[in-house]
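One structure is given below, encoded as structure tokens.
The values are calculated or read from the model by the stated rules, or taken from the named source; none is laboratory data. These numbers were taken from a predicted model, which means no experiment stands behind them. We place every Cβ from the backbone using ideal geometry, glycine too, and count neighbours over all the protein chains shown. Ligands, DNA and RNA are excluded from the accessible area calculation, which covers all protein heavy atoms including side chains. Shrake-Rupley method; radii C 1.70, N 1.55, O 1.52, S 1.80 Å.
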Amino acid sequence: DGSPGVDYFFFFYRFPKDAVLLLLLLIYSPVGICLMLIRIFIGVHVFLVSCALPESFARRFIVRVMCSVLGMHVRQKNPRSRDRNTKLYTCNHVTEFDHNIINLLTPCHTPQLEGSTGFVCWARGFMEIHSASGQEAVGESLQRYCSTEGTPPLLLFPEEETTNGRAGLLKFSSWPFSLTDSIQPVALRVTRPLIALSTPDSSWLKELLWTFFVPCTVYHVSWLPPVSRQEGESMQEFANKAQELLAGELGLVSTKITKADKAEHIKRKRHAVPQTSTSKSSVRPGSIGLGFMVQSLGTDDHRITKMAQQVKDVLPHVPLNVIAKDLAKTNCVDTTITNLLENKDDSPMEATGTSSFGSSRNSSYSSGPAPTITPAAQSFGRSPVDRHLSLQERKEALYNFARRRYIEKHGLDQEDSH
């Protein structure tokens, strides 16, 4: 499909790459540091006021004004569309403070499904629930909450992870849509000058300090009409419908990329960074670090990046720069996989990457995968013809195994993979 790659969903770099913006940020930095220190002092008072005042319109108004001083400005669209009878709001997830922002506009509770409990959970505005007994028990508990009269609505984030809000929506989890038969989608768009909204490895406390540092962060909240589940409609179909509505409102695409895909992508990024940093003393002229290669490919040719990632899934031992170089010639995933498998035996040093870490991985791979997938010759061939046949058999077996992995991973039919 035409959905963007995982790289486009998250900011991996906090600071801008544009030279002009970076210069502006450097000039602004002394002001930002002073502003952050002042806002930390004010933020303590905002917290105390929000704790002291009872839940009411007056409390929300006062806290909203004080949050504007902290640089968190809230704008809402279609406030009259908000349904007071709805027991569940579903919203896309952009920052660690989305639930606090929605709570400034209407009373609602967001359960803390992962992370810290106790005082920190309460101080951040989450509703603490006992999730040790598993998701099914949590679902039943929240279902009882929704059916109780007089309780504020729940606010849930079906994406289950934050994105940058620029490329698309992660696949909605189906379990929030099992709680009630009617939900109200809430579209959230967040803008901020100079620096990125968030990075995957950053904690909520760091994000709060960066929020205090920048001049302002603007939250645009849009209320969509309530949506009900139709008869015979499954929970996942209901979730997909809500995802499409939110994507249409935000001008984004709805994708099948999940929370697990984000975690896997971040893990690969972490492996790429030390690989490039440890190789600086042994880099060959013209070679490029893995992490930099991913970044430069992402800006030059999104299609090549996507195909390179598909090849990388099948052949994780081959560096991305080698994959991209071959894809630029072949423009075909299958052909590149074949070429790389053949080159592994003929010239193993071609796929050694840019570091000693990459070399060790490839040498361990070239010593031979599991015996079940790479049949070795029973004895060394006595003639060149015998040795060539043995090599071809190993290549064919390895190619078929890699092809099966690629087809199974991407859910393709045999005919579609050509």
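The one condition from (1) assigned to a helix (DSSP H, G or I); (2) modelled with pLDDT of 85 or more; (3) surrounded by 14 or more Cβ atoms within 10 Å (Cβ to Cβ) that Thr95 does not meet is (1). In this entry, Lys262 passes the filter for residues that are within 28 Å of Ile183 (Cα to Cα), open to solvent by less than 60 Å² (accessible area, probe 1.4 Å) and modelled with pLDDT under 85. Within the stretch 209-248, the set of residues being within 30 Å of Tyr13 (Cβ to Cβ), more than 20 Å from the chain's Cα centre (by Cα), of a type in the set (A, V, I, L, M, F, W, C) and open to solvent by less than 60 Å² (accessible area, probe 1.4 Å) comprises Phe212, Phe213, Val214, Cys216, Val218, Val221. Taking the conditions (1) at positive phi; (2) in contact (Cβ under 8 Å) with a residue 60 or more places away in the chain; (3) open to solvent by less than 50 Å² (accessible area, probe 1.4 Å); (4) not basic (Lys, Arg) in turn, Gly118 satisfies each one other than (2). Name the residues in the stretch 33-81 that are open to solvent by 60 Å² or more (accessible area, probe 1.4 Å), in contact (Cβ under 8 Å) with a residue 12 or more places away in the chain and over 16 Å from Thr106 (Cβ atoms), would you? Once the filter is applied, which keeps residues that are open to solvent by 60 Å² or more (accessible area, probe 1.4 Å), in contact (Cβ under 8 Å) with a residue 12 or more places away in the chain and over 16 Å from Thr106 (Cβ atoms), the stretch 33-81 yields Ile33, Ile40, His45, Phe47, Val69, His73.
Confirm whether Leu170 is surrounded by 20 or more Cβ atoms within 10 Å (Cβ to Cβ) and either closer than 28 Å to Ile62 by Cβ or touching a residue at least 60 places away in the same chain (Cβ under 8 Å) (or both). Before the answer, list the steps.
Numbers: surrounded by 20 or more Cβ atoms within 10 Å (Cβ to Cβ): yes; either closer than 28 Å to Ile62 by Cβ or touching a residue at least 60 places away in the same chain (Cβ under 8 Å) (or both): yes.
Answer is yes for this residue.
Checking the stated criteria, Pro193 turns out to be out of contact with any Asp or Glu (no Cβ under 6 Å at 6 or more places or on another chain), open to solvent by 10 Å² or more (accessible area, probe 1.4 Å) and not β-branched (Val, Ile, Thr). Test Val46 against the stated conditions and say whether it is touching a Cys at 6+ places or on another chain (Cβ under 9 Å), modelled with pLDDT of 90 or more, aliphatic (A, V, I, L, M) and part of a helix (DSSP H, G or I). Judged against the criteria, Val46 is a match.
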